[in-house]
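First the structure, in the form of C-alpha cells, and then the observations on it.
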C-alpha cells in the first residue's frame, strides 16, 4: 500500500524547476538537457532569461519548442536573485528546485530527492554536489543520511561544515517561500535565503549522494571581479547572529565566528578594489562588534588579532580623505 501511494505521488505532484540564465549559452544546453531528461517527469521548467546579451535566450526559446513543460521568461537584467524571484512568483508546483543556467544535474536528482521527501516528511531535502573545474573536480557532501531540526541544521552548517548554505542541491516545499524572496543587490543571495528558510522548516533531510554539478567557469559569480554587492555576506551573517540570539543561544558564538570571517574578508576586498565608502562602513561595523569579537570563545586568537590589525592598524590611513 505504501509503495502504491508513493507511485501515485511521484506521478501527480508537480515540481517547479527554476533556472536563472545569463550569458551562459555554451553551458545552458547541457543544463536544460539534464532537466528535461530527468527520471521524474512531472516537471514545470521555468527558464528565466535575465537579460542575456549572448545566445542564451535563443537556446531557451529553442528548447521551449521541443518540450511543452518549458516556460521561458525574458526579462531585463536584475541578477540571479531577481530571476529566482520571478520564477517563484509564477511557479505552479508544490515543490521547488533551483538549477543555475551554467550548471547541470544528475539524471535522477529530482526523483531521489523527492522520494526521500515522501519517505521522511521533510520540507527540505538536500544532496551533495560535484565542484567542477576545467581539469578536475571535487565532491562536496556528507557521506551519511540524516534528518535534522532547524537547530541541528544550523549547528551542522556552522560547526561541522557538512551541511552547506547553497540553495541549488535540494528540493523545497513551496509553502516555505510564501513570505520569502531572495534579497536583491546582495551577494551571495543564496546564503541569505538559506539562513532564513531553514528556520521555517520543521524537518530537513540530507541524503548521502552528490546530485548537482557546480561548474567553476570564468565569469561566474564566484570567479568574476569583486563588487560591492558581495558585502551582502556581512549583512546576512549579522542577521544570522540575531536569529541565533533569538532562538538558539548556544550557537551565537559560532554565528559570530561566521560573521567575523565575512567581515574581515570583505574589509580587505573593499580596500583592494578601492571601494572607499563601503570600506569605511565595514571598519565602523568592526569597531562596534570588537568587544564581542574579543569575548567570543569560538573565535580563534589568530582571527581576533587579525580583526584588531585590520580595524585599527590596517588600511584606514590609505582612505583618510
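The table below lists the values:
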item: Leading residue by the ranking (surrounded by the fewest Cβ atoms within 10 Å (Cβ to Cβ)) among those in segment 239-253 that are within 16 Å of residue 191 (Cα to Cα) and touching a residue at least 24 places away in the same chain (Cβ under 8 Å); result: 239
item: Total residues in segment 4-26, condition at pLDDT below 50 and more than 22 Å from residue 175 (Cβ to Cβ); result: 2
item: Checklist (1) buried (at least 21 other Cβ atoms within 10 Å of the Cβ); (2) under 25 Å from residue 209 (Cβ atoms); (3) in contact with a helix residue (DSSP H, G or I) (Cβ under 8 Å, 6 or more places away or on another chain) applied to residue 48, failing item; result: (2)
item: Where residue 193 falls short, out of the listed (1) over 16 Å from the mean Cα position of the chain (by Cα); (2) crowded, with 21+ Cβ neighbours inside 10 Å; result: (1)
item: Flag if residue 70 is under 20 Å from the mean Cα position of the chain (by Cα), surrounded by 19 or more Cβ atoms within 10 Å (Cβ to Cβ) and farther than 18 Å from residue 181 by Cβ; result: no
item: Set 282, 263: member being in the same structural domain as residue 296 (by TED's automatic domain parsing), over 20 Å from the mean Cα position of the chain (by Cα) and surrounded by 21 or more Cβ atoms within 10 Å (Cβ to Cβ); result: 282
item: Count of residues meeting criterion [under 29 Å from residue 43 (Cα atoms) and either out of contact with any strand residue (DSSP E or B) (no Cβ under 9 Å at 6 or more places or on another chain) or surrounded by fewer than 16 Cβ atoms within 10 Å (Cβ to Cβ) (or both)] in segment 163-185; result: 9
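Conditions tested, residue by residue: (1) touching a strand residue (DSSP E or B) at 6+ places or on another chain (Cβ under 9 Å); (2) at pLDDT 95 or above; (3) under 23 Å from residue 78 (Cβ atoms).
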{"residue": "204", "(1), (2), (3)": "yes, yes, no"}
{"residue": "224", "(1), (2), (3)": "no, no, yes"}
{"residue": "233", "(1), (2), (3)": "no, no, yes"}
{"residue": "240", "(1), (2), (3)": "no, yes, no"}
{"residue": "255", "(1), (2), (3)": "no, yes, no"}
{"residue": "259", "(1), (2), (3)": "no, yes, no"}
{"residue": "265", "(1), (2), (3)": "no, no, no"}
{"residue": "271", "(1), (2), (3)": "no, no, no"}
{"residue": "278", "(1), (2), (3)": "no, no, yes"}
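The values are calculated or read from the model by the stated rules, or taken from the named source; none is laboratory data. Values in this document were obtained by computation on a predicted structure and should not be read as measured data. Neighbour counts are summed over all protein chains in view; Cβ atoms, including those assigned to glycine, are modelled from backbone coordinates with ideal geometry.
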